[in-house]
1. Do we find that Leu13 is surrounded by 12 or more Cβ atoms within 10 Å (Cβ to Cβ) and in contact with an Asp or Glu (Cβ under 8 Å, 6 or more places away or on another chain) in this structure?
2. Please work out if Ser27 is in contact with a Lys or Arg (Cβ under 6 Å, 6 or more places away or on another chain) and among the small types (Gly, Ala, Ser).
3. Six or more apart or on different chains, Cβ atoms under 6 Å: show the pairs whose first residue is in segment 46-59 and assigned to a helix (DSSP H, G or I) and whose second is among the hydroxyl-bearing types (Ser, Thr, Tyr).
4. In this structure, does Leu9 turn out to be at pLDDT below 95 and of a type outside the set (Ser, Thr, Tyr)?
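The values are calculated or read from the model by the stated rules, or taken from the named source; none is laboratory data. Not measured: the values here are computed from a predicted model. FYI the Cβ positions are ideal-geometry reconstructions off the backbone, even for glycines, and counts take in every protein chain you see.
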Amino acid sequence: MTPKELLYLEDSLGMEQQLHIKCTDYSGKIQNPGLKNICSQMAQQHKTHFDNLMSHLHS
């Protein structure tokens, strides 16, 4: 992997981690069940994206 690709991967990991944390936080604060569910799903998607990106570092 090139240094530029590693920098991109590092940025992407940081963004996915930040989005996972924010969506999890919002999900805990929202009272509307429908919106709470959407935020929870988004948090899970960002966690999955993070895990997928991280797997590229281990291969």
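1. Against the criterion (surrounded by 12 or more Cβ atoms within 10 Å (Cβ to Cβ) and in contact with an Asp or Glu (Cβ under 8 Å, 6 or more places away or on another chain)), Leu13 does not qualify.
2. Details: in contact with a Lys or Arg (Cβ under 6 Å, 6 or more places away or on another chain): yes; among the small types (Gly, Ala, Ser): yes.
When the stated conditions are applied, Ser27 passes them.
3. Cβ pairs passing all conditions: Leu53/Ser12.
4. So Leu9 passes the test.
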